[in-house]
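Inspection log for the structure reproduced underneath, given as structure tokens.
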Amino acid sequence: MSAKQNQVGQVKSRIPSRGVKPDFPATDFEIRQASWLAEIDRINQALRIALNQEFTKTKLLQSGTEPVGSSSEELGLVLKNDLAKWTKLIKEKNITAE
């Protein structure tokens, strides 16, 4: 048992800027996952706002990058489609790693 774990399997989580969070069961992944997903959504929202600003769009376009702000679901769909496209091409052309 770790120093942060007590006799009943509880873990104390500390984030210095936010103080001590309540104890939660060490196996309670859902609580921790929900917290991380909320942070990811918050960052995604901030990035979408930044990508919609003219200055940011202009600089990215000048560098050859097309700014696209989307949700995590939309990104997941793009990645799924890209994986299918490239997998098909690799199989058709019998491409292998050296």
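None of the figures in this text is laboratory data; all of them are computed from the coordinates on show. Quantities reported herein were computed from a predicted structural model and do not represent experimental measurements. For neighbour counting, all protein chains shown are included, and Cβ atoms are generated from backbone atoms with ideal geometry for every residue, glycine included.
Observations on the structure shown:
- Segment 44-98, residues that are touching a helix residue (DSSP H, G or I) at 6+ places or on another chain (Cβ under 6 Å) and part of a loop (DSSP other than H, G, I, E, B): P67, G69
- In segment 64-85, the residues that are surrounded by 10 or more Cβ atoms within 10 Å (Cβ to Cβ) and of a type in the set (D, E, K, R): E74, K80, D82, K85
- Any hit, segment 78-94, residues being within 17 Å of N44 (Cβ to Cβ) and aliphatic (A, V, I, L, M): yes
- Taking every residue in segment 36-55 that is of a type in the set (K, R) and pairing it with any residue that is assigned to a loop (DSSP other than H, G, I, E, B), at least 6 positions away or on another chain, the pairs with Cβ-Cβ distances below 7 Å are R48/G69.
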